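What follows draws every value from the coordinates through simple rules; no lab data is involved. Everything numeric in this text was worked out from a predicted model, so none of it was measured. When we count neighbours, we look across all protein chains shown, and the Cβ atoms used for this are built from the backbone with ideal geometry, even at glycine.
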Amino acid sequence: MHLFTFASWLVVRLVQTIDAHSGYDFPWSIHHFIPFWAGAEFHDYHHLAFVGNYASYFRFWDYVMGTSVVYGQWKAKKEAKKVE
């Protein structure tokens, strides 16, 4: 593997890991620009319930495998509480 390729991948992976584990939904977070990218809220639910949201990057795999159904229900409840 080329050194530049490795360094680039390392930077992308570190940024994504820090973003996903920060617990904050920053306006510059990657998932705002790439809609199928897993963000902090998506990953936080994984640590909260341990019943889905296994994707590190591409959350469409959780939709394909059916492991994000409970997350969708949880998010809908959370949004409903905000409205009240």
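Going by neighbour counts of Cβ atoms within 10 Å, the residues ARG13, ARG59 line up, fewest first, as ARG13, ARG59. Dipole orientation for the chain: of the candidates TYR54, ALA76, VAL15, ALA76 has the Cα lying most toward the positive pole (charges on Cβ; Lys, Arg +1; Asp, Glu -1). In the chain, the DSSP-assigned H stretches of four residues or longer account for a calculated mean residue ellipticity at 222 nm of -19000 deg cm²/dmol, using -39500 (n - 2.57) per stretch and the full residue count as denominator. A run of the chain free of exposed loop cleavage sites, with chymotrypsin sites (Phe, Trp or Tyr not before Pro) counted only in DSSP states other than H, G, I, E and B and at most 14 other beta carbons within 10 Å, reaches its longest extent at 51-84.
I'd like the orientation of helix 40-49 relative to the chain: the angle between its Cα long axis and the longest Cα principal axis, in ° from 0 to 90, rounded to 10. Compared with the principal axis, the helix lies near 60 degrees. The mean of 1/r over all pairs of different alpha-carbon atoms in the chain, once inverted, gives a Kirkwood hydrodynamic radius of 13.8 Å. Note that region 36-84, at 10 °C in a medium of 1.306 mPa s, gets a Stokes-Einstein diffusion coefficient of 146 µm²/s from its Kirkwood radius over C-alpha pairs.
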